[in-house]
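J.: The structure's right below; bear with me while I get my questions together.
Since every read-out is calculated from the coordinates, none of them should be taken as a lab result. Quick caveat: nothing in here was measured; it's all calculated off a predicted structure. Note that each Cβ is placed from the backbone with ideal geometry, even for glycine, and that neighbours are counted across all protein chains shown.
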Amino acid sequence: MILPCRQCQALPVLLVLGAVFIISSSTRAAQPPDCAGSPAKYEFRGIEMAVPIRIVCYAASEAEARQAARAAFARIRELNAVFSDYIPDSEVSRLCEAAGSGEAVPVSDDLWKVLVLSRDLAEKTGGAFDVTIGPLIRLWRRARTLRELPREYRIRQAQALVGFDKVRFDERRQAVELTVPGMKLDFGGIAKGYAIDQALATLRKHGISRALVDAGGDIGVGDPPPGREEWIVGIAPLNPGEPPGYFVKASHCAVATSGDRYQFVMVEGKRYSHIVDPKTGIGLTHHSEVTVIAPNATLADALATGVSVLGPAEGLTTAERFPEVACLVLQGQGDDVAAYPSPRWKQWTAQGKIVERPRSAE
C-alpha cells in the first residue's frame, strides 16, 4: 500500500535502517504549483522488498505524482517477484530449483541483466561480491537465529557451491544453468539498488524527472528540486544515535551504505556480520560501514558489499577502478572509529560536491 504524505511539509532528517539520512532540499516548505507552473513536492511511502520505500518527487499535480508513484511501487513489487529468495515461486527460486538438472532455464530480461552484471562485478572484485553465495547466506541466517556459529564442515560444503564457474550462460536463448545441485543465488547485495534505478526510470516514463527514491536507506536521485542544484543526503555515522558525519550533494547518482549496524550475531563475545566473505565462508568480524557514491544504485549497492568484504586497503583500490565512483569506509568501535576515504572521495570534497558536516549543524 502506498501512503501519501503531506504535500507542503519539508523533508525531515530521516534515518532509515542506519544507512543514509535524507536532508531537506530547501529551507522552506514546498508550495503548490504557482501560476508559472512551478511543480510542487509530493512524498509517498510503502513497504516493498521487506524494507521501507520512500519516493519524493516534484510534479504539476497530485494526480500526476500519485499515478507515477503507483507505477514505481508496482515496478519494485514486480522485481521482488523476480529476485526474492524468500518467495517460493519467485523467478530466482524456480531457477535454483533447477540447479544440477543439466537444463538451462530461460530467464526474464531483468534477471538476465542483473546476473550478467553480477558476473562482471564478481570478476572485478575478485569474488568479494558474488550472488552465487546463497548457500553461505542461508547458513548465516540460521546462525543469527540460533545465535551459534555454523559447523565448519557445513561452511565447506556451502563454499563448494559458490562461484560463477558453476553458472552457464546461454546468450542465444537468454537462459541460465546452475550446474551443481544445491546452488542458490542471493541478490541481497544488488536487487535493492536495481529496484531503485528501475523506480526512477518508471517515474521518468511518467514525466517526472525531479525525484528521489529511498529503499531502506539506499538512495537514488534524478534531477534536483526546482531552484536547487542538488539533493542533500547525509551519511549516517558508524555508531547508532549520532548525527550524520558527512553530507553528499547529489544529482543523477546514487548513495548506498553497507554495514553490520543492525544485522549481526554475537557468539562467545565475538561479533559476526550478516555480510559473508565468500572466500572464508565466515561473517565479517570487523565492525564497519561502507558508503559508495556511484552513477547508479545498482552499482553502488553491489560495490558497498564488495568493498565491505575486501576491507579498506583493497576495497578502496578496487572502487577507484570504477569511473565516477567514490567510497568511504568507517571502521572501529565507540570513539575509536577510523575513516578511510577513497582518493576520488577526497577530490569530490575539494570540489565542493561533498562537504563534511559542521559540528554546530542541526
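J.: Which whole-number percentage describes the relative contact order of the range 36-166, with Cα contacts under 8 Å and a sequence gap of 6 or more? Write down the numbers at each step before the final one.
T.: Numbers: 111 pairs, mean separation 17.2, N = 131.
The value is 13 percent.
J.: Please find the FRET efficiency linking E152 to R172, where r is the Cβ-Cβ separation and R0 is fixed at 35 Å, and quote it to the nearest 0.05. Write out the running numbers ahead of the final one.
T.: Details: r = 42 Å, r/R0 = 1.19.
Result of the calculation: an efficiency of 0.25.
J.: Continuing with this model, one more query. Please order D109, D130 by the number of other Cβ within 10 Å, starting at the fewest.
T.: Working: D109 9, D130 28.
The fewest-first ordering by Cβ neighbours comes to D109, D130.
J.: Would you mind classifying the range 95-144 by shape? Square roots of the alpha carbon gyration tensor eigenvalues, ordered a ≥ b ≥ c; an a/c under 1.5 is rounded, otherwise it is prolate if a/b is larger than b/c and oblate if not. Walk me through the intermediate numbers first.
T.: Working: a/c = 2.11, a/b = 1.16, b/c = 1.82.
Since a/c reaches 1.5 but b/c is at least a/b, the shape of the range 95-144 is classed as oblate.
J.: Using a 7 Å offset from the Cα along the Cα-to-Cβ direction at both R321 and R142, what is the distance between the two label points in nm, to one decimal?
T.: Reported label-point gap for R321 and R142 is 3.4 nm.
J.: Subtract the Cα-Cα distance of S209 and S38 from 0.36 nm times their separation in residues, and report this length gain in nm to one decimal. Working shown, then result.
T.: Numbers: separation 171, 0.36 × 171 = 61.56 nm, distance 1.37 nm.
Contour length minus the Cα-Cα distance gives 60.2 nm.
J.: Which of the pairs K192/K346; K41/K205; K113/K192; K192/K279 have their Cα atoms more than 22 Å apart in this structure? Spell out each step's value before the answer.
T.: Values: K192/K346 27 Å; K41/K205 18 Å; K113/K192 14 Å; K192/K279 24 Å.
Checking Cα-Cα distances, K192/K346; K192/K279 exceed 22 Å.
J.: Treat each spin label as a single point 7 Å out from the Cα along the C-beta direction, and report the S61 to I282 distance in nm.
T.: 6.1 nm
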